[in-house]
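Following: one structure in structure tokens, then a few remarks.
The values are calculated or read from the model by the stated rules, or taken from the named source; none is laboratory data. If you're wondering where the values come from, they're calculated on a predicted model, not measured in any experiment. Counting neighbours? That spans all protein chains shown, and the Cβs are built from the backbone with ideal geometry, glycine included. Areas reflect the complete protein model, heavy atoms only, side chains present, ligands, DNA and RNA absent. Shrake-Rupley method; radii C 1.70, N 1.55, O 1.52, S 1.80 Å.
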Amino acid sequence: QVQLAESGGGLVQAGGSLRLSCAASGSIFSINVMAWYRQAPGKQRELVASSFIIGTTNYADSVKGRFAISRDNAKNTVYLYMNSLKPEDTAVYYCNIGGRLRTAEGVRPFDGWGQGTQVIVSA
């Protein structure tokens, strides 16, 4: 089993900044991808940013130049630095981590989700 613990959401004024954190724990053998998604009320969950073990990062067009994803592989932790926040960034943010777990039989893939953290940006 893998557990993901998110933190860092809150209320901020437009133009402000926040940092989200997500730490994975459990019998983790390796992590391939770390990502952040968000879901605004009445909308589908969308990918915000992703970071792959090979070093590739991707961002949604709506956050390019404002958000940055960063990972600490030693701590199995991923961060999302959000700057120049806009009211349209208001959403519940979820981290998603995929990799492999150690088992008694060897390793198996896992795909874990955080519990979600609310970000509210006021105009």
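Pick from Gly65, Gly106, Gly15 the residue whose mean-square fluctuation is largest in a GNM of the chain, springs joining Cα atoms under 10 Å.
Comparing Gly65, Gly106, Gly15 in the GNM, the peak value goes to Gly106.
Semi-axes of the equivalent ellipsoid for the range 1-107, please: Cα gyration tensor eigenvalues, times 5, square-rooted, ordered largest first, whole Å. Please list the in-between numbers first.
On the way: eigenvalues 145, 36, 31 Å².
Equivalent ellipsoid semi-axes, largest first: 27, 13, 12 Å.
At 1.4 Å probe size, with the rest of the protein present, what percent of the exposed accessible area of the chain is carbon and sulfur atoms? Walk me through the numbers before you get to the answer.
Details: 3220 of 6510 Å².
Accessible surface attributable to carbon and sulfur in the chain totals 49 percent.
Expected output is a single nm value to one decimal: the length gained when fully extending between Arg102 and Glu88, i.e. 0.36 nm times separation in residues minus the C-alpha distance. What is it?
On the way: separation 14, 0.36 × 14 = 5.04 nm, distance 3.98 nm.
Stretched out fully, the Arg102 to Glu88 stretch lengthens by 1.1 nm.
For the chain, what does the accessible surface come to per residue with a 1.4 Å probe? Please give it in Å². Show your work: numbers first, answer last.
Values: 6510 Å² over 123 residues.
For the chain, the solvent-accessible area averages 53 Å² per residue.
Would you work out the relative contact order for the range 1-85, in percent, from Cα pairs under 8 angstrom that are 6 or more residues apart? Don't jump to the answer; show the numbers that get you there.
On the way: 152 pairs, mean separation 27.0, N = 85.
About 32 percent, as a whole number.
For the range 45-99, just say rounded, prolate or oblate: build the C-alpha gyration tensor, square-root its eigenvalues into a ≥ b ≥ c, call rounded for a/c under 1.5, and beyond that prolate if a/b exceeds b/c, oblate if not. Write out the running numbers ahead of the final one.
Details: a/c = 1.88, a/b = 1.73, b/c = 1.09.
Taking the square roots of the gyration eigenvalues as a ≥ b ≥ c, the range 45-99 is prolate.
Rounded to the nearest 5, what % of DSSP beta bridges with both residues in the chain are antiparallel? Numbers along the way, then the final one.
Values: 48 of 52 bridges.
Counting DSSP beta bridges with both partners in the chain, the antiparallel share is about 90 percent.
Using a basic spin-label model with each label point 7 Å from the Cα along Cα→Cβ, how many nm lie between Arg19 and Asn32?
Going from the Arg19 label point to the Asn32 one covers 3.0 nm.
With +1 assigned to the C-beta of every Lys and Arg and -1 to the C-beta of every Asp and Glu, and no other charges, what is the dipole magnitude of the range 25-121 about the Cα centre in debye, to the nearest 20? List each step's numbers first, then the result.
Working: 11 positive and 7 negative charges, 16 e Å.
Roughly 80 debye for the range 25-121.
Just want the answer: with Cβ charges of +1 for Lys and Arg and -1 for Asp and Glu, which residue in Asn32, Gln1, Thr90 is farthest toward the dipole's positive end in the chain?
The listed residue farthest towards the positive side: Asn32.
For Ser62 and Leu11 in one chain, what is 0.36 nm times their gap in residues minus the Cα-Cα distance, to one decimal in nm? Kindly include the intermediate steps, with their values, before the conclusion.
Numbers: separation 51, 0.36 × 51 = 18.36 nm, distance 1.97 nm.
Here the segment from Ser62 to Leu11 would lengthen by 16.4 nm.
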